[in-house]
Amino acid sequence: MSTYSLGDVMKLRTRLDEELQSTCLADAAQMFTDVLYAELQESAVLFRLFVTVPFASLGEHEKGFATALADVRGFRKELSDETEVVCLLGSAGRRAQWNERHQSQKHLAIPLAQASFIQTIPVVARLMSDMDTGIDWLDKQKGRILVKSFGTMARLLYVEDASTGKTSDGFQLIPDQDFVKENGVKTVVGLGGAYLNRSVVTVLLFTNETIPRQKVEKFMPVINTFKVATMKLVAEQRIFE
């Protein structure tokens with residue numbers, strides 16, 4: 001990723017435009033993640049794409065996962081059909097199990113039901129929760145962490161060092177530090193955007209290199225390519241087959 005030019009990013013967006021043809025959002029998300037991983041595999045450890053989906057629109061497997069998580073965390077009674085759930089729809093990585101989203105043991109479907117709970121879950125839920133509640137995305141610099149607004153279309157979360165990055169309230173941005181150490185994760189990038197119905201999409205890129213912020217910013221338009229290609233699917237709630 002650190003060697004990618006603007007021209008390379010444009011070629012990537014063109015390829016995505018050509019290949020993102022699907023009848024449901026989950027298939028499009030997996031296709032997007034697969035292409036992105038194939039293009040950037042020298043830098044890639046794990047790439048994942050998440051979308052906020054109302055609980056009522058989840059598949060049965062995802063509903064079961066979200067309900068079980070709410071039971072464990074003690075807020076089952078707060079779940080409703082309208083509860084937004086951060087749903088893992090695309091996954092690609094070095095390990096075989098990372099290439100099948102249903103094998104995720106922690107992140108398949110995360111209900112956004114309690115602020116205190118959101119504070120304890122991975123960076124993608126924090127990023128998407130902030131976007132969904134309409135918090136103004138001003139430039140923020142907290143140590144080595146930067147959250148930046150890119151017009152009104154895309155959002156960037158940049159964590160230069162996955163082993164040390166923390167939120168302003170002291171939570172580790174990447175809670176699973178064993179994952180970080182075992183896989184040599186360095187810079188982590190979150191690219192996010194919102195659909196017209198307020199559903200939020202985020203692609204989370206765990207990389208094996210330290211990437212300068214200026215290089216990361218070049219990839220911000222990529223999330224808009226996915227949004228444009230899937231707007232109709234989201235509007236019609238064609239999330240799963």
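The values are calculated or read from the model by the stated rules, or taken from the named source; none is laboratory data. Keep in mind it's a predicted model, so treat the numbers as computed, not measured. Heads up, the Cβs are rebuilt from the backbone with ideal geometry, glycines too, and the neighbour counts pull from every protein chain shown.
Report whether or not residue 168 is surrounded by fewer than 20 Cβ atoms within 10 Å (Cβ to Cβ), of a type in the set (S, T, N, Q), out of contact with any Pro (no Cβ under 8 Å at 6 or more places or on another chain) and at pLDDT below 60. In short, no. For region 92-107, the candidate set comprises residues that are surrounded by 16 or more Cβ atoms within 10 Å (Cβ to Cβ), out of contact with any Asp or Glu (no Cβ under 7 Å at 6 or more places or on another chain) and modelled with pLDDT of 90 or more; within that set, the residue that is nearest to residue 241 (Cα to Cα) is 101. The residues in region 175-196 that are assigned to a loop (DSSP other than H, G, I, E, B) and buried (at least 21 other Cβ atoms within 10 Å of the Cβ) can be counted, and the count is 2. Taken together, 83, 67, 14 contain a single residue that is touching a Pro at 6+ places or on another chain (Cβ under 6 Å) and more than 24 Å from residue 208 (Cβ to Cβ), which is 83.
Looking only at residues in region 80-91 that are aliphatic (A, V, I, L, M) and closer than 12 Å to residue 110 by Cβ, the one that is modelled with the highest pLDDT is 88. Scanning region 58-91 for residues that are hydroxyl-bearing (Ser, Thr, Tyr) and surrounded by 12 or more Cβ atoms within 10 Å (Cβ to Cβ) yields 67, 83, 91. Listed by first and then second residue, the pairs linking a residue in region 53-65 that is assigned to a helix (DSSP H, G or I) to a residue that is surrounded by 16 or more Cβ atoms within 10 Å (Cβ to Cβ) and not basic (Lys, Arg), with Cβ atoms under 6 Å apart and 6 or more places separating them unless they lie on different chains, are 55/83; 55/85; 57/239; 62/87; 62/109; 65/108; 65/109.
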